[in-house]
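Visitor: Quick one: this structure, given as structure tokens, is what I'll be asking you about.
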Amino acid sequence: MLELYSYPELFGVADNNPFGLKVWAFLKLTGVPFTHRHIFDASSAPRGQLPYIVDGGLTLGDSDAIVVHLIATRELAIDADLTPAQQDLDLMLRRTLDDLYWVMSYSRWKDERFWPQFRQALLDTHAELTPEALEGAKEYNAKRYHYQGIGRYQPDQAYARGIADLAAVANLLADRPFLFGDRPHSTDAAAYGFLANSWRFPIETPLRGYIGASGNLVPYCERMHALVAGP
């Protein structure tokens, strides 16, 4: 059976990393059987990053590459009805979500207003974690943010960037049930991975505040959550 390796849950969300949650939601939407292996140590993962899958003799990382592989090998029709223009929008949206990732991660590990809540939630939920390990992860992430660039922003500048990404999702969604109409596509699994990892975390970051005030992102997130995780 297909195995998905990704970070563990937090606050009732199946993976506290948006890329792993994206793949998990895709698998749930398409009904592909899989076993979910929760891990923290990504050192043995392809390129040292989670999530990854083991599919028979193949080990594959990168959430987008995983989705492409699953659609091809299982002949999944989830995106078969998308027009070429919608396929281009899907690509641009996923790239927008890639940008949002850095702001979301910054809010957890870098912003001292929210870091203590995130840290304590991890310690309370996962007994195998230690304060020392989390401090090491915090220092490691600070270096990542600096070299990527988001770590050189002032907080209000960083959040303005993330809110602009969320606004693009909200504007594309408009009043539709899902991003491209009446049924979900792989794009919706990707969006859910990011929205659930801000909205369903009871940490009042500016990202969560924008989602709550948007008017359409909360019901959309909850609609997707009901589809993949149940009530």
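Just so it is clear, none of the values below were taken in a lab; they were calculated from the coordinates. Treat the numbers as computed from the prediction; the structure is a model and nothing was measured. For neighbour counting, all protein chains shown are included, and Cβ atoms are generated from backbone atoms with ideal geometry for every residue, glycine included.
Visitor: Along Cα→Cβ, 7 Å out, is where each label goes; now give me the distance between the ones at Val218 and Gln87 in nm to one decimal.
Guide: The answer from the label model is 3.8 nm.
Visitor: If you average the sequence gap of Cα pairs under 8 Å that are 6 or more apart and divide by the length of the chain, what percent do you get for the contact order?
Guide: About 25 percent, as a whole number.
Visitor: Follow-up question, since we're still on this one. Pairs of alpha-carbon atoms within less than 8 angstrom and 6+ residues apart define the contacts here; what relative contact order does the range 47-118 have, in percent?
Guide: In percent, rounded to a whole number, it is 13.
Visitor: Taking R0 as 25 Å, what's the FRET efficiency between Arg183 and Arg95 from their Cβ-Cβ distance, rounded to 0.05?
Guide: Efficiency for this residue pair is about 0.60.
Visitor: In nm, give the distance between the simple-model label positions of Glu112 and Ala164, each being 7 Å from the Cα along the Cα-to-Cβ direction.
Guide: Reported label-point gap for Glu112 and Ala164 is 2.7 nm.
Visitor: Something else about it: Working out 0.36 nm times the residue gap between Asp62 and Asp156, then minus their Cα-Cα distance, what length gain in nm do you get to one decimal?
Guide: Result for the pair: 30.9 nm of gain on full extension.
Visitor: With helices defined as uninterrupted DSSP H runs, which ones in the chain have an alpha carbon span along their own long axis of at least 30 Å and mean Kyte-Doolittle hydropathy of at least -1.0?
Guide: 84-109
Visitor: Moving on to the next point. What is the distance, in nm, between label points placed 7 Å from the Cα along the Cα-to-Cβ direction at Asn171 and at Asp79?
Guide: 2.3 nm
Visitor: Additional query: Taking springs between alpha-carbon atoms closer than 10 angstrom, which of Gln117, Gln154, Gln87 fluctuates most in the Gaussian network model of the chain?
Guide: Gln154
Visitor: Oh, and also: Within a Cβ distance under 12 Å of Leu227, other residues only, what is the Lys/Arg minus Asp/Glu net charge?
Guide: Counting the neighbours of Leu227, the net charge comes to +1.
Visitor: Can you give the calculated 222 nm mean residue ellipticity of the chain, where each DSSP H run of n ≥ 4 adds -39,500 (n - 2.57) and the sum is split over every residue, rounded to the nearest 500 deg cm²/dmol?
Guide: Calculated from helices alone, the mean residue ellipticity at 222 nm is -19000 deg cm²/dmol.
Visitor: Mind checking the full-extension length gain between Ala45 and Met1? Use 0.36 nm per residue of separation minus the Cα-Cα distance, one decimal, nm.
Guide: 14.0 nm is the gain from fully extending Ala45 to Met1.
Visitor: With r as the distance between the Cβ atoms of Arg37 and Glu132 and R0 = 22 Å, compute the FRET efficiency 1/(1 + (r/R0)^6) and round to 0.05.
Guide: With a Förster radius of 22 Å, E is 0.35.
Visitor: Of all beta bridges DSSP finds with both residues in the chain, what is the antiparallel percent, to the nearest 5?
Guide: DSSP beta bridges in the chain are roughly 65 percent antiparallel.
Visitor: Which GluC sites (Glu not before Pro) in the range 1-95 pass both tests, a DSSP loop state and at most 11 other beta-carbon atoms within 10 Å?
Guide: Here the sparse-neighbourhood loop sites are Glu75.
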